[in-house]
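The values are calculated or read from the model by the stated rules, or taken from the named source; none is laboratory data. Everything quoted here is computed from the prediction, not taken from an experiment. When we count neighbours, we look across all protein chains shown, and the Cβ atoms used for this are built from the backbone with ideal geometry, even at glycine. SASA here: full protein model, heavy atoms, side chains in, ligands and nucleic acids out. Shrake-Rupley method; radii C 1.70, N 1.55, O 1.52, S 1.80 Å.
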Amino acid sequence: MDIVVAPAARVQPPIIAMTDVPDHIGIVACTAEGAALCYRTICVEGAQFLGAHAHPEVSMHTHSLAEYMTCIYRGDWPGVAELMLSSANKLAEIGADFLICPDNTIHQALPHLESRSPLPWLNIADVVAEQAVERGFRRLGLTGTRWLVESEVYPEKLTARGLEYVRSNIAEREEINRIIMDELVNGIFQPAAVTCFQRVIERMKREGCDAVILGCTEIPLIMNDSNSPLPTLDSTRLLARAALRRAVRGATAST
């Protein structure tokens, strides 16, 4: 006699009726690959909250990456802020309720624009730091572009929550910066790039890190928990999921 065991029921988040309209998510994009992954995550995982094929309204605007890089290369963060603010204003005009930016590096410009922003922002470093605390991590490795790693975008948020961090060293961040800017943002994914990240993360592990922040929104395209020496904090998907939760809260708050 064959015994058939029914699969365990999966616990699903509460489904929000589509008459309860979620908040409209505005994406201030910078690099195409990271923004596309963030957008795709929102659209696909929206079904967990809203039902099959459903997701919040999403709008995205971006200036040319070349315009951003012109400012970044000369350290002109107020200039970066003006580009972000331009996108924010356009998204506000078409009905977005709040904003996210799936680009870690240009979060350095947020202090230059938040007081003038037409809409509130979710800060990617806040989202990642909160997830680190929730998962019980204590000491985090930080990877990303050299501008991001040398900034206080993450250290400020991590320290505020009692978390320690280890930055990639100068040689590591230069090679990672090259991989990001020459390869990943252009959709080029090489085995050698994975090897480089694995080497850096292994070094961080030896220095006592218990997780690593994938602090460039393109890094999750090649690195994840299955090939990393440490558990990963995927900044791109974490931001997308935080935006989903906020959008859904907007729907339930209005009922």
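Here Arg146 clears all of (1) over 20 Å from Glu218 (Cα atoms); (2) in contact with a helix residue (DSSP H, G or I) (Cβ under 7 Å, 6 or more places away or on another chain) except the condition numbered (1). Would it be correct to say that Phe49 is open to solvent by 20 Å² or more (accessible area, probe 1.4 Å) and either touching a residue at least 40 places away in the same chain (Cβ under 8 Å) or of a type in the set (Phe, Trp, Tyr) (or both)? Answer is yes for this residue. Within the set Ala109, Ala125, Ala66, the sole residue that is closer than 20 Å to Arg246 by Cβ and at pLDDT 95 or above turns out to be Ala125.
Selection within region 196-255: residues that are over 20 Å from the mean Cα position of the chain (by Cα), open to solvent by 10 Å² or more (accessible area, probe 1.4 Å) and modelled with pLDDT under 95. The member of this set that is nearest to Asn169 (Cα to Cα) is Gly250. A single entry from Arg173, Arg178 fulfils the requirement of being out of contact with any strand residue (DSSP E or B) (no Cβ under 7 Å at 6 or more places or on another chain) and either more than 27 Å from Ala29 (Cα to Cα) or open to solvent by less than 40 Å² (accessible area, probe 1.4 Å) (or both): Arg173.
All conditions but one from (1) touching a strand residue (DSSP E or B) at 6+ places or on another chain (Cβ under 6 Å); (2) open to solvent by less than 60 Å² (accessible area, probe 1.4 Å); (3) within 13 Å of Ile213 (Cβ to Cβ) apply to Tyr165; the one that does not is (2). You will find that of Met69, Met60, Met84, the residue that is part of a strand (DSSP E or B) and hydrophobic (A, V, I, L, M, F, W, C) is Met60 and no other. Residue selection: Arg40 satisfies the criterion of being under 18 Å from Val185 (Cβ atoms), open to solvent by 20 Å² or more (accessible area, probe 1.4 Å) and among the basic types (Lys, Arg).
Each residue in region 134-150 was checked for being open to solvent by less than 70 Å² (accessible area, probe 1.4 Å) and without any contact (Cβ under 8 Å) to a residue 60 or more places away in the chain, and 2 of them qualify. Restricting Arg74, Arg116 to those that are closer than 21 Å to Ile180 by Cβ and surrounded by fewer than 20 Cβ atoms within 10 Å (Cβ to Cβ) reduces the list to Arg74. Quick check on Pro102: is it open to solvent by less than 20 Å² (accessible area, probe 1.4 Å), closer than 23 Å to Val248 by Cα and not polar (S, T, N, Q)? So Pro102 fits the description; yes.
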